[in-house]
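The values are calculated or read from the model by the stated rules, or taken from the named source; none is laboratory data. Bear in mind that the values here come from a model prediction, so they are computed numbers and not experimental data. With ideal geometry, Cβ positions are generated from the backbone for all residues, glycine too; neighbour counts draw on all protein chains shown. Heavy atoms of the whole protein, side chains included, go into the accessibility calculation; ligands, DNA and RNA do not. Shrake-Rupley method; radii C 1.70, N 1.55, O 1.52, S 1.80 Å.
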Amino acid sequence: MKLSQNYRDIIANEIKFCRNKINEENDPRKKVYYYSALYGMTRRVFNLEFDPQLQFIDYILNSTYTVILSRISAFMAGDTTIPISNDFFIKLNNCLEKLEDRIKNNEDTYDVLEKIVNLTSTLDGNGYYLVQKGISVYTE
């Protein structure tokens with residue numbers, strides 16, 4: 001990324017704060033609330049210092065937030081067709097820790113973002129179906 005170290009540190013620190021809050025919370029609605037802060041920060045930063053890779057990061061975080069929130073909302077409304085596993089947020093937190101390090105060290109983030117997308121896909125119909133078939137949709 002062509003972001004200043006200052007902005008990379010701001011984003012990395014936001015990820016760390018959110019990871020800690022996600023880890024502390026038991027309520028999945030609160031977990032996804034903290035997750036939403038990530039794309040909020042990436043958006044603020046790329047509005048100040050635009051970078052195409054940061055915009056891609058923002059897009060992935062925003063899109064996956066929408067999928068996660070949708071599944072949580074459906075689950076809370078009584079749709080238990082696709083459960084949210086206990087370790088979903090643990091795995092998401094692991095991805096976020098890697099993303100934090102990559103951004104801080106100005107390293108490529110693509111493979112981490114791919115993992116976030118693949119993990120999130122386990123909460124939609126097709127991804128969950130693949131998991132049920134024994135296909136490894138997400139690997140650490």
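Please tell me if F50 is open to solvent by 50 Å² or more (accessible area, probe 1.4 Å) and not in a helix (DSSP H, G or I).
So F50 passes the test.
How many residues are surrounded by 18 or more Cβ atoms within 10 Å (Cβ to Cβ) and within 20 Å of V131 (Cα to Cα) when one looks only at region 94-111?
Summing the residues that are surrounded by 18 or more Cβ atoms within 10 Å (Cβ to Cβ) and within 20 Å of V131 (Cα to Cα) in region 94-111 gives 1.
Quick one: in region 1-23, which of the residues that are in a helix (DSSP H, G or I) and among the hydrophobic types (A, V, I, L, M, F, W, C) is nearest to F88 (Cα to Cα)? Reasoning before the result, please.
The initial filter retains those residues of region 1-23 that are in a helix (DSSP H, G or I), namely 5-23.
Subset that is among the hydrophobic types (A, V, I, L, M, F, W, C): 10-12, 15, 17-18, 22.
Working: I10: 26, I11: 23, A12: 21, I15: 17, F17: 18, C18: 15, I22: 11 Å.
The extreme case among them is I22.
Identify all residues within region 118-127 that are buried (at least 17 other Cβ atoms within 10 Å of the Cβ), of a type outside the set (S, T, N, Q) and in contact (Cβ under 8 Å) with a residue 12 or more places away in the chain; write none if there are none.
Once the filter is applied, which keeps residues that are buried (at least 17 other Cβ atoms within 10 Å of the Cβ), of a type outside the set (S, T, N, Q) and in contact (Cβ under 8 Å) with a residue 12 or more places away in the chain, region 118-127 yields L119, L123.
How many residues are in a helix (DSSP H, G or I) and at pLDDT below 95 when one looks only at region 77-103?
Qualifying residue count for the region: 0.
Out of region 1-36, which residues are open to solvent by 30 Å² or more (accessible area, probe 1.4 Å), within 25 Å of M76 (Cβ to Cβ) and not aromatic (F, W, Y)?
R19, N20, K21, N23, E24, E25, N26, D27, P28, R29, K30
Kindly provide the set of residues from region 87-100 that are without any contact (Cβ under 8 Å) to a residue 40 or more places away in the chain and within 15 Å of R8 (Cβ to Cβ), ordered by number.
K98
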